[in-house]
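Structure, as structure tokens:
Values quoted throughout were computed directly from the atomic coordinates according to the rules given, and no laboratory measurement underlies them. Keep in mind that this is a model prediction, so the values were computed, not measured. For neighbour counting, all protein chains shown are included, and Cβ atoms are generated from backbone atoms with ideal geometry for every residue, glycine included.
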Protein chains: 4
Amino acid sequence: MLRGLTQEGIGAVESPERMIELASEAGFQAVDFSAKELIDRLGTAGAREKLAKHGVIIGSIGLPVEWRASDDEFRDGLSALIEEAAAARALGCTCCCTYILPSTDMKPAHFMALATRRLKLCAQILGVYGLRLGLEFVGPYHLRTFWKYPFIWTMEETLDWIDAIGEPNVGLLLDAYHWYTNGGTIADIERLQACQIVHVHINDARNVPVEKVLDNDRLYPGEGVIDLAGFVQALQHIGYDGVVSQEILTLHAPVETPEQLIKRSKAGFDRVFEYKNKQI
Amino acid sequence: MLRGLTQEGIGAVESPERMIELASEAGFQAVDFSAKELIDRLGTAGAREKLAKHGVIIGSIGLPVEWRASDDEFRDGLSALIEEAAAARALGCTCCCTYILPSTDMKPAHFMALATRRLKLCAQILGVYGLRLGLEFVGPYHLRTFWKYPFIWTMEETLDWIDAIGEPNVGLLLDAYHWYTNGGTIADIERLQACQIVHVHINDARNVPVEKVLDNDRLYPGEGVIDLAGFVQALQHIGYDGVVSQEILTLHAPVETPEQLIKRSKAGFDRVFEYKNKQI
Amino acid sequence: MLRGLTQEGIGAVESPERMIELASEAGFQAVDFSAKELIDRLGTAGAREKLAKHGVIIGSIGLPVEWRASDDEFRDGLSALIEEAAAARALGCTCCCTYILPSTDMKPAHFMALATRRLKLCAQILGVYGLRLGLEFVGPYHLRTFWKYPFIWTMEETLDWIDAIGEPNVGLLLDAYHWYTNGGTIADIERLQACQIVHVHINDARNVPVEKVLDNDRLYPGEGVIDLAGFVQALQHIGYDGVVSQEILTLHAPVETPEQLIKRSKAGFDRVFEYKNKQI
Amino acid sequence: MLRGLTQEGIGAVESPERMIELASEAGFQAVDFSAKELIDRLGTAGAREKLAKHGVIIGSIGLPVEWRASDDEFRDGLSALIEEAAAARALGCTCCCTYILPSTDMKPAHFMALATRRLKLCAQILGVYGLRLGLEFVGPYHLRTFWKYPFIWTMEETLDWIDAIGEPNVGLLLDAYHWYTNGGTIADIERLQACQIVHVHINDARNVPVEKVLDNDRLYPGEGVIDLAGFVQALQHIGYDGVVSQEILTLHAPVETPEQLIKRSKAGFDRVFEYKNKQI
């Protein structure tokens, strides 16, 4: 597994180049951000060089298409999707992710039908660029009733949706926070095949009843109550060898510097991955 | 367009053979029932002969698979689907239909994902036998809230679902009752392509506010308030040339004989299709 | 049916705007060219206005993607496909067409696998813009052996390929020349459903043995031996109400002016569609 | 990886039950045969018990559908497919395999289109029973020209076909003989993801020029020139943990007893998997 950073939880890093440097210095091997933005700044050759020099890959790009609103908005994003996918391919990135809100103001079955068709097309486009699409289920209770109707929020439901989308390159973005807020178990992870997982997020949760855990009030890995060591060991056990990225959404912008935050993140990863050293 | 009868609204006809005879005598050109049952009773050659002799075709078979419950129940119906599809093919029938309940006790988005995959498989199986799959949206208000969550009940939603299923041989079963209870207009029909329609049902509604119209309290064509003449003229206008079958669900079993009921049905069809005679 | 013109057979018309004017003056109702090019020249509002003022629609755009060569070339065309599809949608055009060469230097089964996946993606993209994709089989004998291996060239094979592509919005571009060189019959057309046909080409063939008919040596409608009146009557009979465009590929550039060539085309269409006036 | 036996190469074992016993005695963990046949003989409970008692699973069933001939023959096999898939599911088997002949008398592109649609349906049916479909490319030179036209025979072509079929549960049956006769390398295997491989066959080849290697003249593992140790180590390296079954097609029926042949097979496997013991 490769250790990665998203832009959530590391403060206001001034540029993707700087993020590559900071990640590399702290021993991270992947960063999650827009491949197109890096190429726009450095050119394709420059972007490749920058990543290679620092021994860092792009773990995942985000899906730059609005698939949750109108058909017009969806269509408007397709050119950007192609540009981002081409950029990702040029930089060797093979993952693209999006998240699923657990409730909706639309009639949920109708929205599911629309979203199935839209994500199927996104997956096919990504596929011709060699990318996979990861769908992230979102567990916190408060979001399940935030909008009028329930949508989906469990791993099982998401796997069933992936079946309905029916494209070979669609899988899970498995986020430890959403696994935890769903009451997920180690056995739930061990029932998966490694290739069903496109990408992984880790982050930690406060010691409050699980129904009170807020989506945007996360802790750094190892600072909370989630069994992250068990989580990553289960992933290793099933043969997952992709990127595990930290994603820390917080109520307030962190006051520490990016350097301090990334150091803190590194410490968290070290605690979580400690078992690896033990095994040697 | 061919005039057809379903088994709903003609009383207790003793056998499919008898239904063929009665339909033919009253000038109907199609009957909707199980092709397999007819073959089980008469053999393939006998069934073909019976239909040919009376100038009647099978308008549509029903989908003999439980796609609304568990995966196990779904799997258990696949052999029957293949047998029914093979029987339909042997008798020249090209349509298979099922209806969509407008509310559900399941989480509707999850159910939509499961149902999409299941109906996609049914459509593919039907396709290799030369059959199309018609999906019937169900409009009456009382059923929209009968189960816990809304599912889908409009033509537009159903067309979007057909897009999500993504198979070329899936279309609408357009039922005048459900069109009426959805506040459907002639223009709504005229926006369709003929090939989006797999099958058509007609029947009439009581003169009560549309929100009070009950799904199982229908009238014979021409005995109620639905503009059925406009409905079938719109179908003719867009080039629909398939079967239009009567389907009369009633609160109580009718007391008249099949002969009387079919005569009454014929009178209804004559009123609805009257414009055709006028035009000549 | 609407009478249409492609850019083949009308000489060097100086601009799409001029083609719209000439087509309109000669009583044509459709022109086949790039929607994007027209919008690039006139803006979206200007393009709409120009078409509306002259009572002409865009019958079909061409597929601006190289699906017959490498994956890289295919990917390079996807942005153009999205732009062209968006432009077509903005101008109300609903058809996009491409042709199938009947032989290939690639291993034909492998090429078929690659092309199936590529055209499936093109069809899905076109679908979200409300366009259909028409596949044109190509009949002339000399092209069947022009490259090393046979590919496909019959209507039946093309319909089977459309089944394999499996998208609801894919159908035939039925070209009279290819129908003729395949030994096609009126009955072959009458076996089709109107909605299986996305677009139609007409043009005529020299009075030579059918095996000698050259793809790029066509005559104007009514000047050769193809039963074009029977061809269009069969289309009318099955309810086809789309565009019928002339496409005249010739060995040498025509010496007549565009005005003369379009007049000649009009005379050809009048002969072919003569039966219509007779019926009234 | 689990060591498995197919029915090819072990002589005339009198029954599947006896094959389970012999396989188990020789330390094999999987047998490849019809799940339905075993259930027909022992009942579902009896079949499960027999397998469990001997510590053996069914590695793969064969695809019981004729997908290489007419549509009628294809349809005729669908009921058997459902029965076999249901039987496999009942016994915990998750793989179903079929092979691809490298040449054909049909027009290859047309056959590819037909076969794509047929195998797509097979894959979807297998999918609802929790099975994957493995496609085996066939490498020997003499078969590439045995029929009139080339079809496909390389791993790359087969992967492209799997993309065209487009179902998530389709992958490779990787047979060492076909890998060898294609000039396959260790690097070719290492480029695969484990989840692209549904099933594996091993067997060995005579020391003759690779173009002379006959499909039906195979040797037992370790008795020929294929680098089977490298082959299985590459599989282990990419994380393949499924079944590796022996499949020995020979010109003449072997004269040894099943007991002797299975002992010989065991010795072959021991040589091939020797590295495993070394590593411990």
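The modelled label-to-label distance for the pair C:THR185/C:LYS148, using points 7 Å beyond Cα in the direction of Cβ, is 3.8 nm. Quick one: among C:VAL225, C:VAL138, C:VAL213, which has the greatest mean-square fluctuation in a GNM of chain C with alpha-carbon springs under 10 angstrom? Result: C:VAL225 has the largest fluctuation of those listed. When B:ASP72 is represented by a point 7 angstrom out along its Cα-to-C-beta vector, the spacings to that point in the other copies are 4.0, 4.9, 5.5 nm, nearest first.
Residues considered: C:ASN203, C:ASN169, C:ASN216. Largest GNM mean-square fluctuation over chain C, using C-alpha springs under 10 Å, is found at C:ASN216. For chain B, set up a Gaussian network in which alpha carbons nearer than 10 Å are linked by springs, and say which option among B:SER70, B:SER60, B:SER245 fluctuates the most. Looking only at B:SER70, B:SER60, B:SER245, the largest GNM fluctuation is found for B:SER70.
Cα-based values for the range C:2-274, radius of gyration first and Dmax second, are 17.9, 49 Å.
List the relative contact order of chain C as a percent without decimals, with contacts defined as Cα pairs under 8 Å and 6+ residues apart.
21 percent
Residues of the range C:175-193 falling in the label zone of C:GLU211, defined by backbone nitrogen less than 18 Å from a point 7 Å along Cα to beta-carbon, are C:180-184.
Sorted shortest first, the separations between the D:GLY230 label point and its copies elsewhere in the assembly read 4.5, 6.4, 7.8 nm; each point sits 7 Å from Cα along the Cα-to-Cβ line.
To check you understand DSSP bridge types, tell me what percent of the beta bridges within the protein assembly as shown (both residues inside) are antiparallel, rounded to 5. Of the beta bridges lying entirely in the protein assembly as shown, close to 10 percent run antiparallel.
Phi angles of the range C:176-185 translate, via the Karplus equation with coefficients 6.51, -1.76, 1.60 and θ = phi - 60°, into HN-Hα couplings of 4, 5, 6, 4, 5, 6, 8, x, x, 10 Hz per residue; Gly and Pro are given as x. Excluding residues on the same chain fewer than 8 positions from A:LYS36, give the lysines whose Cα lies under 18 Å from its Cα. Qualifying lysines at Cα under 18 Å: A:LYS50.
Is the range C:129-279 rounded, prolate or oblate when judged by the Cα gyration tensor, a ≥ b ≥ c being the square roots of its eigenvalues, rounded requiring a/c under 1.5 and prolate requiring a/b larger than b/c?
Oblate, because a/c is 1.5 or more while a/b does not exceed b/c.
Tally Lys and Arg at +1 and Asp and Glu at -1 over the other residues with C-beta under 13 Å from the C-beta of A:GLN29: what net charge comes out?
-1
Taking amide H positions as modeled 1.01 Å from N, with prolines and chain starts lacking one, the residues under 5 Å from C:CYS95 and 5 or more places away or on another chain are C:ILE61, C:ARG132. Here's the list of lysines a cross-link from A:LYS107 could span, going by alpha-carbon distance under 23 Å and ignoring same-chain residues fewer than 8 apart: A:LYS120, A:LYS148, B:LYS107, B:LYS120, B:LYS148, B:LYS212. The value of relative contact order for the range D:116-186, using C-alpha pairs under 8 Å at least six residues apart, is 43 percent. Partner aspartates and glutamates whose Cα lies under 15 Å from the Cα of A:LYS263, excluding those fewer than 8 positions away in the same chain, are identified as A:GLU8, A:GLU21, A:GLU25, A:GLU223, A:GLU247.
Is the shape of the protein assembly as shown rounded, prolate or oblate, going by the alpha carbon gyration tensor and its root eigenvalues a ≥ b ≥ c, with a/c under 1.5 for rounded and a/b larger than b/c for prolate? Rounded. Each Lys and Arg contributes +1 and each Asp and Glu -1, all at the Cβ; summed about the Cα centre of the protein assembly as shown, the dipole is approximately 0 debye. Plainly put, the tip 7 Å out from Cα toward Cβ on A:ASP105 is 3.2, 5.8, 6.6 nm from that tip on each other copy, the closest given first.
In a DSSP loop and with at most 14 other Cβ atoms within 10 Å, the chymotrypsin sites (Phe, Trp or Tyr not before Pro) in the range B:126-196 are B:PHE146. Under 5 Å from the amide H of C:GLU66 lie the amide H atoms of C:GLY77, each residue being 5 or more positions distant or on a separate chain, with H modelled from the backbone and absent for Pro and chain starts.
Tell me, what is the FRET efficiency for B:MET1 and B:ASP76 to the nearest 0.05, using R0 = 22 angstrom and their Cβ-Cβ distance as r? Display every interim value, and only then the final one.
Working: r = 36 Å, r/R0 = 1.65.
According to the calculation, E is roughly 0.05.
Near C:HIS110, once Lys and Arg are set to +1 and Asp and Glu to -1 for all other residues with Cβ below 9 Å from its Cβ, the sum equals -2.
Might you report the magnitude of the Cβ-based charge dipole of the range A:2-274 about its Cα centre, with Lys and Arg at +1 and Asp and Glu at -1, to the nearest 20 debye?
220 debye
Near A:GLU157: Cβ cut-off under 11 Å, other residues only, Lys/Arg at +1 and Asp/Glu at -1. The net charge is -2.
The amide H of D:GLY9, built 1.01 Å from its N in the peptide plane, has D:ILE248 as neighbours under 5 Å, considering only residues 5 or more places off or on other chains. Helical content alone sets the calculated 222 nm signal of the protein assembly as shown at -13500 deg cm²/dmol, taking -39,500 (n - 2.57) per DSSP H segment of four or more residues and averaging over every residue. 3J(HN,Hα) along the range A:121-130: 5, 4, 4, 5, 5, 4, x, 6, 9, x Hz, from the Karplus curve 6.51 cos²θ - 1.76 cosθ + 1.60 with θ = phi - 60°, whole Hz, x for Gly and Pro.
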